[in-house]
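One structure is given here, and the rest of the page talks about it.
The values are calculated or read from the model by the stated rules, or taken from the named source; none is laboratory data. Remember, it's a predicted structure, so these values are computed and weren't measured experimentally. Every residue, glycine as well, gets a Cβ built from its backbone with ideal geometry; the counts of neighbours run over all protein chains shown.
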Amino acid sequence: MALSEATVSVSEEYLSKVVDELAHNAFKFSKPGTPVRVSLASSQGIVTLSVADHGQGMTAEHIARIGAYMQFQRKVQEQQGLGLGLIIAKRLAELHGGTLAIQSQLGEGTTVTVKLPGTTAV
């Protein structure tokens, strides 16, 4: 886990929701015994939060369809919930002037990166 202090203009509740959704998905879809990496960095007024896993991964099509409120491989993965975690995190980031990006390789894992306007703590 690599973390640094930073300040963002997001309520504690919303930031906590973003972190919770990303971490929950990473642990839920990781292969047993593999690490989940969380990092937080601040540079040039941008705070970057990344959560990476070694789980099932997603195809480019899956990533493109996230906004369509889809769940992937529900029957195979026995997922619970509504499948809205990533879209909620993405919308919260966008509402605060940020972005959410997903890099994934099927069968290898996924890294979700949220960038928010911020400043380095002094």
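For a quick check of your reading of the model, give me the residue pairs whose first member lies in the range 33-49 and is crowded, with 18+ Cβ neighbours inside 10 Å, whose second is aromatic (Phe, Trp, Tyr), with beta-carbon atoms closer than 8 Å and at least 6 apart or on different chains. Once the first residue is crowded, with 18+ Cβ neighbours inside 10 Å and sits in the range 33-49, its partners that are aromatic (Phe, Trp, Tyr) give 36/27. So which residues in the range 63-111 are at pLDDT below 80 and outside any loop (DSSP other than H, G, I, E, B), if there are any at all? Within the range 63-111, 66, 67, 68, 74, 75, 76, 77 qualify. In the condition set (1) among the aliphatic types (A, V, I, L, M); (2) under 15 Å from residue 117 (Cα atoms); (3) touching a Ser or Thr at 6+ places or on another chain (Cβ under 9 Å); (4) touching a residue at least 60 places away in the same chain (Cβ under 8 Å), residue 10 is compliant with all but (3). Just one of the numbered conditions (1) in a strand (DSSP E or B); (2) modelled with pLDDT of 90 or more is not true of residue 7: (2).
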